[in-house]
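The values are calculated or read from the model by the stated rules, or taken from the named source; none is laboratory data. Keep in mind it's a predicted model, so treat the numbers as computed, not measured. FYI the Cβ positions are ideal-geometry reconstructions off the backbone, even for glycines, and counts take in every protein chain you see.
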Amino acid sequence: MRSLRGFVIAIVIAIIVIGVPVLQLVRPIPQAASDVAAPLPRAIPGEKPVIHWPSQGEAALMADGVGSFGSSGPQVPVPIASVTKVMTAYLVLQKHPLQLGQQGPSITITPDDVKVYERDKALGQSVVKVAAGEQITEYQALEGLLLPSGNNMGTLLAKWCDGSVQAFVQEMNATAKRLGMTETHYADPTGYSPASQSDAVDQMKLFALAMQNPVFRQIVGEAQAELPVAGLVYNVDSVVGHGTIIGGKTGSTLEAGGCFVFAARKVIGNREVLIIGAVLGQKGPQPLAEALTAAVAMSQDAQKALRSVQLVSAGQTVGTLSAPWAKPVSLVATEPVQVIGWGGLPVQQTYRADVLDPKKPIAADQVVGQLQIQVGAQTVRVPVAAASSVPAPTLSWRMKRL
């Protein structure tokens with residue numbers, strides 16, 4: 001009996017002596033833990049921008065790719081007049097893309113197109129003179145649509161694209177829905193109908209999207225154009241090219257008042273920032289002039305506010321890396337973080353740690369994760385590295401750990 005008890009004790013001791021070390025060796029080794037919180041402000045320091053909003057109607061302003069300056073007015077659907085033609089041109093260029101320097105297909109003017117011209121002219125609408133048999137290119141038709149704001153060019157392009165005005169308008173509304181323009185409804189391709197309505201925020205976003213097309217941007221920046229029958233036509237946007245506005249689309253009817261979507265720019269370092277805005281519903285003796293004046297003032301306010309800000313320097317400590325078997329080491333940003341913004345623009349940060357093999361050492365300057373900094377609409381990602389090395393866990397530590 002005593003010998004059996006001794007045997008059992010020996011077995012237990014053997015299990016402890018052999019089993020515990022084996023268990024220690026097969027236990028998972030924990031990942032080194034990252035504690036990252038870069039010393040960033042909650043918002044870009046400095047005074048918040050002062051935007052001189054129009055005292056009537058509604059307006060919206062943004063720096064494309066940077067953030068929104070905000071809006072004024074109720075932001076409800078209102079008639080937008082010929083600002084409607086931005087969507088018309090956007091759709092035409094989506095369906096029939098052009099490269100810079102290309103004229104695109106030729107469109108033959110029919111007797112029906114001439115009748116549309118004569119009807120629109122008799123109603124006092126803005127028109128571009130055409131003649132039966134005239135050959136006008138896609139690019140020229142877009143110039144006629146966007147510069148002198150020819151309503152008959154809108155009808156021409158709608159029929160050319162989709163076979164009928166009705167089908168084209170349906171596509172305009174489907175596109176507005178797809179783009180998230182929840183306050184927008186189009187009744188025609190020209191804006192002559194007061195039922196073509198939107199708000200300033202929707203039209204600002206659409207114009208920003210349209211300005212990404214180099215051909216659209218080139219046309220709305222032209223002061224004049226030469227068309228086959230109409231001859232020299234001029235841009236209704238009289239402020240384009242005079243130091244602030246680089247492109248835009250006007251609109252003006254009795255119901256809509258003066259309307260204007262526009263773009264300005266500011267070059268900061270090697271980056272061009274487009275300032276995009278919309279002004280709707282300006283009234284008075286000269287409603288369109290009111291809209292243009294408001295746009296220039298808003299653009300200049302935005303240009304004044306925009307600046308470059310360095311948030312993180314290369315090599316700056318942004319956190320700590322802790323491994324249970326070693327002393328903590330600093331984590332540093334491998335690159336500087338430079339953003340564009342203005343005083344008060346919110347700053348947020350998140351960190352994503354890389355999955356590392358805990359059995360291997362971490363070398364000095366080895367990237368161990370990524371710091372993501374969000375400033376307005378800008379997202380900057382910077383690799384984060386260990387400032388010094390972290391050894392692999394030793395056999396002794398693995399055996400003795402609790």
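Odds and ends about this structure:
- Residue in the range 328-336 that is in a loop (DSSP other than H, G, I, E, B), among the acidic types (Asp, Glu), surrounded by 15 or more Cβ atoms within 10 Å (Cβ to Cβ) and not assigned by TED's automatic domain parsing to the domain that holds Met211 present: yes
- Residue ranges of strands (runs of 3 or more DSSP E) in the range 130-242 with at least 3 members among the polar types (S, T, N, Q) and either without any contact (Cβ under 8 Å) to a residue 60 or more places away in the chain or out of contact with any His (no Cβ under 7 Å at 6 or more places or on another chain) (or both): none
- Members of the range 272-295 that are more than 17 Å from Ala208 (Cα to Cα), assigned to a helix (DSSP H, G or I) and in contact (Cβ under 8 Å) with a residue 24 or more places away in the chain: Pro287, Leu288, Ala289, Glu290, Ala291, Leu292, Ala294
- Among the residues of the range 317-327, the ones that are assigned to a loop (DSSP other than H, G, I, E, B) and surrounded by fewer than 15 Cβ atoms within 10 Å (Cβ to Cβ) come to 2 in all.
- Each residue in the range 198-222 was checked for being within 24 Å of Asp162 (Cβ to Cβ) and touching a Ser or Thr at 6+ places or on another chain (Cβ under 7 Å), and 2 pass.
- Within the option set Ala223, Ala314, being exposed (fewer than 14 other Cβ atoms within 10 Å of the Cβ), over 19 Å from the mean Cα position of the chain (by Cα) and assigned by TED's automatic domain parsing to the domain that holds Val380 holds for one residue only, Ala314.
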